[in-house]
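**Q** Before I ask anything, let me first share the structure, which is written out below as structure tokens.
The values are calculated or read from the model by the stated rules, or taken from the named source; none is laboratory data. None of these values were measured; they are calculated from a predicted model. Reconstructed Cβ throughout: ideal geometry from the backbone, glycine too, with neighbour counts over all protein chains shown. With ligands, DNA and RNA removed, areas are computed over all heavy atoms of the protein, side chains included. Shrake-Rupley method; radii C 1.70, N 1.55, O 1.52, S 1.80 Å.
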Amino acid sequence: MKDVFISYASEDRPVAQQLAEGLEQSGISVWWDRQIQVGSEWDKTIEDALADAKCVVVLWTGHAKDSRWVRAEAREALNKEKVVPVMLEADAIPLAFTGIQALCFLGWDGSSGSKEFEILLGVIKAKLEGKSVEFPEASSTKASVVGKLVALLGIRTMVGGIFALLLIGSSFVRVAPVISVHVETARIEFTVAPGLDNKRLTDAITFDSLTVENVGKLSVTPDRLLVADPADYDMTSDSYPPKAWLDLPINGRTVQFAADRPSISSEITIETTEDKSAAAGQLDGIVLTDEALVSMEVSNDNALTWSIRAKQGRQRVVMSRIHAVQLLETGMKASPGLSIPFPQDQELTYQIIFEQKPGTIELFGQDQAFVLVLKEKETTAKKPISGSVLPIQSVDFSWQDPGTGERKPPEDFFGTVEYVSPQGMTPVPIGTNAFLTLDDLDQFEITSISIDPVSHTFMVDLKGKAGYVKTGTAGNPQDLRPTLFDRIRYSPLFEPVKKIIGF
């Protein structure tokens, strides 16, 4: 039994080796060498080592972010409360793990005498001794003292003076405006409003590759279903030769795959078959349940990531216009009546083929966040994600820095806040990398979402009443709510008052 299990992508083996040697020199036993036999024995060896370790160090890089193995190992360690994330590259932590604080190893030189290594060693020793681990707390944004000087110095009558005093008092009272907001952002998180029928998150979107995490059940009725022999996998070409594929006798039946091992997160990837150049299929419009919490991100390769956590029930998605696709699955088991000639406790690859007409694949999530990552080969023009009106009760554009825990705006975030009521107020631009916080929402809606493939950002339009509106930076926040005085002076009824007080 080893003290520490190091989870890493194969491309990051030199870094993992440096870290392992440093820990072992410090008296910590480490399991890290993946140079073992591929196959079901490999799965069992890693699974046993992961279960036995008291602490799991996950090395997050761009390669690790794309590795199904690293994500599965990280989720397993997270479930057992023994994960220690280490961020080796910026923006390398997947969406599902961004809420977990991580140690920042950006620019680490590999030295066991570095400050980063000493901090990691202290965290590991605390984990091994069963002590609580203290991470830096998130910095808070302090509200500024907001005041308004009213230019009423030329008051000429007692009546004017009374009005002036009332108006001065009204300048300290904030009111909830009706606003129209346009933002360009790489990330948005929101909660769906309850008790409404129209909750469509997306329109239909074609895809070349779709990865789904935390799958509860997959259902499909194909004309043919083939499975590849894992032993025939060709690592050089990263594919299976024709001889690897075995035709399964399904006889027109509906085939289901269900998550069967709570200790391992279920995951599937659907992509085009090797001899197909067309899109894999179409992700039909996603309809949300009441009060679902949704996060959306777009990466530099324009891959779209949704994380959906339903408050009640399980999220359902449907893929249609399927002709022939490859299905890679892990952590799932096929229908009892389907004879799979290989152990199902490993990653298996299937081909789903519809010969007569295009078919559909239906997915249901689990109780955890349902994560979908959609990719297309090429996106050259502004692409609508949703033209439907989606009622929401909260929205956030920030992300949590896993190294410090601090909430930060997405890179290159900017936008505009326009006032619908009070009408006539000057629109407020949201500067690049400033934050925007909207809360206490009433009849608030996302009216459209699209993606700009050049800037790799969502273009989001929102509208409604907001009881809390702030922008700026952590050191210089700005309350965008108008005052009662603003509401009065932009009202047509204020014209007679201006004549009385000489405003």
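**Q** Considering only residues that are aliphatic (A, V, I, L, M) and either closer than 20 Å to residue 429 by Cα or open to solvent by 60 Å² or more (accessible area, probe 1.4 Å) (or both), look in the stretch 165-174 and name the one that is modelled with the lowest pLDDT. Talk me through it step by step, then tell me what you get.
**A** Step one: filter the stretch 165-174 for residues aliphatic (A, V, I, L, M), giving 165-168, 173.
Now restrict to residues that are either closer than 20 Å to residue 429 by Cα or open to solvent by 60 Å² or more (accessible area, probe 1.4 Å) (or both): 165-166, 168, 173.
Working: 165: 59, 166: 56, 168: 61, 173: 77.
Ranking the qualifying residues of the stretch 165-174, first place goes to 166.
**Q** Quick check: is even one residue across the stretch 375-394 at pLDDT 80 or above, part of a strand (DSSP E or B), open to solvent by 40 Å² or more (accessible area, probe 1.4 Å) and not basic (Lys, Arg)?
**A** Checked the stretch 375-394: at least one residue is at pLDDT 80 or above, part of a strand (DSSP E or B), open to solvent by 40 Å² or more (accessible area, probe 1.4 Å) and not basic (Lys, Arg).
**Q** Grab the strands (runs of 3 or more DSSP E) fully contained in the stretch 188-269, keeping just those with 2 or more residues being open to solvent by less than 20 Å² (accessible area, probe 1.4 Å).
**A** Numbers: elements: 205-207, 209-213, 215-220, 224-228, 245-248, 255-259.
Because the criterion is at least 2 residues that are open to solvent by less than 20 Å² (accessible area, probe 1.4 Å), the strands (runs of 3 or more DSSP E) in the stretch 188-269 that meet it are 205-207, 209-213, 215-220, 224-228, 255-259.
**Q** Please find, within the stretch 425-441, the residue that is farthest from residue 472 (Cα to Cα) out of those that are open to solvent by less than 50 Å² (accessible area, probe 1.4 Å) and over 25 Å from the mean Cα position of the chain (by Cα).
**A** For the stretch 425-441, the residue satisfying everything is 425.
**Q** Let me ask you something else. Are there any pairs, at least 6 apart or on different chains, whose C-beta atoms fall under 6 Å, with the first in the stretch 71-96 and farther than 27 Å from residue 397 by Cα and touching a residue at least 60 places away in the same chain (Cβ under 8 Å) and the second among the aliphatic types (A, V, I, L, M) and crowded, with 21+ Cβ neighbours inside 10 Å, and if so, which?
**A** What qualifies is 77/56; 77/83.
**Q** What's the total number of residues in the stretch 74-94 that are farther than 26 Å from residue 111 by Cβ and either more than 16 Å from the chain's Cα centre (by Cα) or open to solvent by 70 Å² or more (accessible area, probe 1.4 Å) (or both)? Write out each step before concluding.
**A** Taking the stretch 74-94 first, the residues farther than 26 Å from residue 111 by Cβ are 75-76, 78-81, 94.
Retained after the next criterion (residues that are either more than 16 Å from the chain's Cα centre (by Cα) or open to solvent by 70 Å² or more (accessible area, probe 1.4 Å) (or both)): 76, 78-81.
Looking only at that region, the number is 5.
**Q** Still on this structure: Of everything in the stretch 343-352, what is in contact with a strand residue (DSSP E or B) (Cβ under 7 Å, 6 or more places away or on another chain) and open to solvent by 30 Å² or more (accessible area, probe 1.4 Å)? Give them in sequence order. Walk me through how you get there before you give the answer.
**A** Quick first cut of the stretch 343-352, residues in contact with a strand residue (DSSP E or B) (Cβ under 7 Å, 6 or more places away or on another chain) only: 344, 347-352.
Selection gives 344, 347, 351.
**Q** Collect the residues in the stretch 335-351 that are of a type in the set (A, V, I, L, M, F, W, C) and farther than 17 Å from residue 212 by Cβ, keeping them in residue-number order.
**A** The first filter runs over the stretch 335-351 and keeps only residues of a type in the set (A, V, I, L, M, F, W, C), leaving 338, 340, 342, 348.
Those that are of a type in the set (A, V, I, L, M, F, W, C) and farther than 17 Å from residue 212 by Cβ: 338, 340, 342.
**Q** Any residue at all in the stretch 22-34 that's under 30 Å from residue 341 (Cα atoms) and either assigned to a strand (DSSP E or B) or at pLDDT below 80 (or both)?
**A** If we filter the stretch 22-34 for residues that are under 30 Å from residue 341 (Cα atoms), which is where we start, we get 33-34.
The next check asks that each one be either assigned to a strand (DSSP E or B) or at pLDDT below 80 (or both); those that pass are 33-34.
Checking the stretch 22-34: at least one residue is under 30 Å from residue 341 (Cα atoms) and either assigned to a strand (DSSP E or B) or at pLDDT below 80 (or both).
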